[in-house]
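Right, one structure below, let's go through it.
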Amino acid sequence: MIINSLPEPLHTALFFSILYFAAALITGVWKWRAMLGSPNGQAHSYIDIAHHAALHYGPFIVLAGALASFWPFAEVFPAWVLIQIMGWTMVLSLSRYISLGIRGEISNQLDKPTAPAKLGLVFFFFGSVFPGLTIAVGAFIGLWAL
């Protein structure tokens with residue numbers, strides 16, 4: 001079976017990509033319905049953001065999983081842990097966008113950012129950007145050594 005032959009980081013990333021794929025489909029229908037019911041033909045900005053985030057997070061996590069497969073430091077720190085951190089961070093981020101879209105109260109959460117919004121940005125950086133850059137550097141080192 002092909003699943004057993006996948007590198008663990010890629011296997012983990014594919015799990016998350018299924019979540020984002022399903023979220024992209026569901027938020028796509030939600031966006032379409034919102035556009036139909038809107039006088040200007042546009043969905044609320046956070047419905048649109050949730051849909052686009054789901055569309056982007058899926059391929060992003062798969063690419064991170066593929067790059068993490070070349071991780072040269074597996075004995076010290078397994079790369080699938082970085083994929084898990086990134087995956088759950090993006091799930092939380094997507095959940096926030098969906099929540100804002102459901103409430104429809106604001107169109108820019110960073111216009112007058114609250115303390116939780118500021119903390120969310122820090123969390124997103126350390127939970128997604130930092131592990132992603134770590135994976136990219138590790139993959140570069142691993143590929144360079146080939």
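Data table
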item: Test: residue in segment 96-106 that is outside any helix (DSSP H, G or I) and among the small types (G, A, S); result: yes
item: Qualifying positions in segment 32-53 - within 14 Å of S99 (Cα to Cα) and assigned to a helix (DSSP H, G or I); result: S45, Y46, I47, D48, I49, A50, H51, A53
item: Test set (1) buried (at least 16 other Cβ atoms within 10 Å of the Cβ); (2) of a type in the set (V, I, T); (3) modelled with pLDDT of 95 or more - I26 fails condition number; result: (1)
item: Any hit, segment 41-48, residues being of a type in the set (V, I, T), at negative phi, crowded, with 19+ Cβ neighbours inside 10 Å and in contact (Cβ under 8 Å) with a residue 60 or more places away in the chain; result: no
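Table: residues versus (1) of a type in the set (K, R); (2) buried (at least 19 other Cβ atoms within 10 Å of the Cβ).
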{"position": "R33", "(1), (2)": "yes, no"}
{"position": "H52", "(1), (2)": "no, no"}
{"position": "G65", "(1), (2)": "no, yes"}
{"position": "I85", "(1), (2)": "no, no"}
{"position": "V91", "(1), (2)": "no, no"}
{"position": "Y97", "(1), (2)": "no, yes"}
{"position": "N108", "(1), (2)": "no, no"}
{"position": "T114", "(1), (2)": "no, no"}
{"position": "K118", "(1), (2)": "yes, no"}
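The values are calculated or read from the model by the stated rules, or taken from the named source; none is laboratory data. Model, not experiment: these values are computed from the prediction. Every residue, glycine as well, gets a Cβ built from its backbone with ideal geometry; the counts of neighbours run over all protein chains shown.
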